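Everything below concerns the one structure shown next.
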Amino acid sequence: MTHPPGVADRFWLDHYPAGVPAEVDTAAYASVVEIFERSVAQYASRDAFVCMDKSLTYAQLDARSRAFAAWLQSVGCKKGTRVALMMPNCLQYPIALFGTLRAGGAVVNVNPMYTPRELEHQLKDSGAEVLVILENFAHTYQQCLGKTAVKHVVVATLGDLLGFPKGAIVNFVVRKIKKMVPAWRVPGHHAFNAVLARGETLAFTKPTLGPNDIAFLQYTGGTTGISKGATLLHRNIVANIIQSQAWFSPAFNKIPANESPTFCVALPLYHIFALTVCCMVGVRLGGKCLLIVNPRDIPKFLAEMRKYRVHMLPAVNTLFNALMNHPDFDTMDWSSLRVAMGGGMAVQGPVAARWLEKTGVPIVEGYGLSETSPVAIANPILNTEYNGTIGLPISNTRVSIRDDDGRPVPLGEPGEICIQGPQVMAGYWNRPDETAKVMTPDGYFKTGDIGFMNARGYTKIVDRKKDMILVSGFNVYPNEVEEVVCACPGVLEVAAVGVPDENSGEAVKVYVVKKDPTLTEQAVREHCAKNLTGYKRPKFIEFRNELPKTNVGKILRRVLRDEASNANP
């Protein structure tokens, strides 16, 4: 197979799907805004975003984001000004998102479930001067008043754009977002609708944006240390939009010509996975993004999906699992689904097998991080079988598996997964010391994940360095233990951690959520004895009603590990 110059060392290209190029033109656009402007002009009459049956066309998104941008400029927003967005998936999000980018600002995505301490840290660290927040979470910011650089607060309500009577929105909020809207007081705040109305009367000056201007400060989850802002430039996001579209193209090409690509956005837009893979790729394709406000409400989530012909569903393992375990799942029509993409955490084999059996569409596992915009490695989109790997390096991307001294290891041997490509961040915001720790002298980003690459170029994650369990000198990888326990009949979810043990240094403990209430500890132990060698078997088993998770649905092993370390297991 002949490849373009400069890619001869990328042996995995021989296993690329037909139609996916080794290289894409990541410099085709100067900025994310250029992609946006072309799409809103080309697809003006199409629906861009839909939430709770209310749609926003590309023409409306163009007008309202421009109004928001004009308002930002009127209050002093310049190129590089940081604007924090603290909302769940709702129609205000894309308006504020693209409005900020059009004004030349840098978007700081904030988890709306943050505590005041976490919010204060992110606002201080980013130096955000504007905060756009849903009123349900304004009480959190109220406790940060006067402690950050924020000068202007824009408060949104779900009813701003939905057109419902005010009382209906209050009821919706009570049911879906929080049991109540806590009382809050933010002096001098601006109402979202008033900002748009004001912006419509103002002149907008289009800034000159280039590839090296900052588009996002995307904060890491902080599960392995202090939360840091990955500085993602316009060129990083542009590259990953084009790379992702090229990788998905074999599936997208199978969407009927009379249907615009429809993305189900169940993961929050403040998370890099949904932001790029759904929102940004969707806009470039003139697609429709179905925003799910509360994906944990599975019956209503499925009811929303039932109204549309969804072509792409990115999710995490726990969400795929929760959907399948709801009785309404089997009444759904999955004939339009083309891509079910798993990311954020390892997809478990039993979950993937059930999904394929029930829908006829495989879960295609991919891999990325906030620091890689995020997609870096992915399985071919038309794969029909779960293979337990995260796939191949995508276009324009190199992956190197390295030892602790930074030297590449032989194929098949585990080491740290290191990534080089145009989607890799410029560095951590204002943290050159932290940036130096994760970048190699030859320009690779050290992910902190342990994996190995096979002879075809497919990479399998073994685990994160810090999650590894050391039992009597033997490495035990929680992913492997969880995969085995998850396959035990009657198990719904599982998390494995290392806990202190006076004999072996550490021992394996698993936390299990039952699918079958009659499941016993003995049954789990017998299953593990059949599938795991002695030192890998759980010494301790604890049943729980639920496991701690991030808002994205990723199981927080750290919480369980810290809890176990502070008590007798």
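The values are calculated or read from the model by the stated rules, or taken from the named source; none is laboratory data. These numbers were taken from a predicted model, which means no experiment stands behind them. Neighbour counts are summed over all protein chains in view; Cβ atoms, including those assigned to glycine, are modelled from backbone coordinates with ideal geometry. Side chains included, ligands, DNA and RNA excluded: accessible areas come from the protein's heavy atoms. Shrake-Rupley method; radii C 1.70, N 1.55, O 1.52, S 1.80 Å.
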**Prompt:** Taking the Cα-to-Cβ direction at K79 and at A426 and moving 7 Å from each Cα, how far apart do the two end points lie in nm?
**Reply:** 1.1 nm
**Fill in**
Looks like the range 305-438, by Cα gyration tensor root eigenvalues a ≥ b ≥ c and the a/c under 1.5 rounded cutoff (else prolate when a/b is bigger than b/c, oblate otherwise), is prolate
**Prompt:** Could you give the longest part of the chain that holds none of the GluC sites (Glu not before Pro) found in DSSP loops with at most 13 neighbouring Cβ atoms within 10 Å?
**Reply:** 1-258
**Fill in**
The extension gain from N566 to E434, computed as 0.36 nm times the residue separation minus the Cα-Cα distance, is 44.6 nm
**Request:** Starting from the Cα gyration tensor of the range 405-510, take the square roots of the eigenvalues, sort them a ≥ b ≥ c, and report rounded, prolate or oblate (rounded when a/c is under 1.5, otherwise prolate if a/b is larger than b/c, else oblate).
**Result:** prolate
**Request:** Would you mind calculating the gained length between A183 and K151 on full extension (0.36 nm times residue separation, minus the Cα-Cα distance), in nm to one decimal?
**Result:** 9.4 nm
**Message:** At 0.36 nm per residue, and after removing the present C-alpha to C-alpha distance, how many nm does the segment from E502 to K465 gain when stretched out fully?
**Reply:** 11.1 nm
**Message:** Could you tell me how far the Cα centroid of the range 428-449 sits from the Cα centroid of the range 262-330, in Å?
**Reply:** 32 Å
**Residues whose placed amide H lies under 5 Å from that of E506, excluding near-sequence neighbours** = S472, D501
**Prompt:** Under a straight-distance cross-link criterion of Cα-Cα below 12 Å, which aspartates and glutamates are reachable from K460, leaving out those fewer than 8 residues away in the same chain?
**Reply:** E365, E413, E416, D449, E480
**Message:** Quick check: at a probe of 1.4 Å, how many percent of the accessible area of the range 300-371 sits on carbon and sulfur atoms?
**Reply:** 52 percent
**Degrees separating the helix 58-74 axis from the principal Cα axis of the chain, which is the longest one** = 70 degrees
**Item:** Value at 222 nm in deg cm²/dmol, rounded to 500, when DSSP H runs of n ≥ 4 in the chain each add -39,500 (n - 2.57)
**Value:** -8000 deg cm²/dmol
**Request:** Compute the Cα gyration tensor for the range 481-569, then decide on rounded, prolate or oblate, letting a ≥ b ≥ c be the square roots of its eigenvalues: rounded whenever a/c is under 1.5, prolate when a/b is larger than b/c in the other cases, and oblate in all that remain.
**Result:** oblate
**Fill in**
In whole angstrom, the spacing between the Cα centers of the range 532-553 and the range 465-484 equals 12 Å
**Asked** Excluding same-chain residues fewer than 8 positions from K124, which lysines have a Cα within less than 20 Å of its Cα?
**Response** K78, K79, K147, K151, K228
**Asked** Hey, what do the phi angles of the range 517-533 turn into as Karplus ³J(HN,Hα) couplings, whole Hz, using 6.51/-1.76/1.60 and θ = phi - 60°, x for Gly and Pro?
**Response** x, 8, 4, 10, 4, 4, 5, 5, 5, 5, 5, 5, 4, 7, 10, 10, 5
**Request:** Using a 1.4 angstrom probe on heavy atoms only, work out the carbon and sulfur share of the accessible area of the range 13-135 in %.
**Result:** 45 percent
**Request:** Give me the accessible area per residue for the chain, probe 1.4 Å, as a whole number in Å².
**Result:** 39 Å²
**Label point distance in nm, M324-K515, each placed 7 Å from Cα along Cα→Cβ** = 0.7 nm
**Message:** Past 23 Å, Cα to Cα: identify those pairs from K509/K549; K307/K554; K515/K549, in the order given.
**Reply:** K307/K554
